[in-house]
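Novice: This is the structure I want to talk about, given as structure tokens.
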Amino acid sequence: MSKLVVHNFAISLDGYGAGLAQSLDAPLGVGAGRLHEWVFQTRTGRRMIGQDGGDEGLDDGYLIRGETGIGATIMGRNMFGPVRGGWAGSDWRGWWGEDPPFHHPVFVLTHHARGPLPMAGGTTFHFVTGGIEDALRQAREAAGGKDIRLGGGAATIRAYLRAGLVDELNLAVVPAVLLGAGERLFEGDLPGYRCAQFVASASVVHVRYTRIAADAP
């Protein structure tokens with residue numbers, strides 16, 4: 001069966017995955033764009049924005065792994081965009097332009113129904129009002145046996161962790177960034193998971209957690 005995996009979710013040294021005051025000008029909240037500066041030092045990250053060059057070391061390898069074998073993505077409403085409430089009158093189509101980088105079905109958790117939104121390059125956004133398990137069921141059907149990426153934000157990841165549905169959690173801890181406020185990834189302990197690996201580059205500490213039940217023989 002396909003796995004539900006978080007890949008390269010960046011958090012500050014004090015545990016925040018986003019800052020305060022998300023807006024069109026600050027999609028991750030004030031100051032939180034620094035959490036992803038390491039991405040655009042890599043070859044893979046530069047290619048995402050149409051640039052050449054970039055490092056091919058440890059961080060690049062983690063980005064490549066996070067894009068490999070993925071058949072569907074789940075994300076929260078806040079990750080899709082800054083629009084709140086109902087969709088009536090909104091033409092918001094995501095942060096990524098007309099050709100988003102997913103190239104597979106994406107399931108957006110929301111309390112407000114909206115029809116599927118097909119985009120260029122094979123991405124279609126589906127808006128799920130039935131909760132996290134319904135979104136996971138739909139994503140499994142769409143993924144065709146491939147893994148499902150849980151994209152965030154922090155509140156969405158917490159909900160799946162509390163339900164014990166995340167098979168693998170890969171974090172990118174950015175030691176140089178302290179946000180002081182915003183959206184924390186963790187609230188209390190992380191029961192049912194173990195730290196399976198951690199390794200550091202010059203910019204980021206990569207930490208991998210696996211679900212204990214998934215490790216049992």
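Novice: Between Arg184, Arg158, Arg162, which is without any contact (Cβ under 8 Å) to a residue 12 or more places away in the chain and out of contact with any Leu (no Cβ under 6 Å at 6 or more places or on another chain)?
Specialist: Just a single option satisfies the conditions, and that option is Arg162.
Novice: Within the set of pairs 6+ apart or on separate chains, which have a first residue in the range 23-35 that is under 21 Å from Gly45 (Cα atoms), a second that is of a type outside the set (A, V, I, L, M, F, W, C), and C-beta atoms under 6 Å apart?
Specialist: If the second residue must be of a type outside the set (A, V, I, L, M, F, W, C), the pairs left are Gly29/Gly19; Gly29/Gln22; Gly29/Gly182; Gly31/Gly19; Ala32/Gly19.
Read-outs: derived from the displayed coordinates by stated rules, not from any lab. Since this is a predicted model, take the numbers as computed values, not measurements. Quick reminder, even Gly has a Cβ in these numbers, built from the backbone with ideal geometry, and neighbours come from all protein chains shown.
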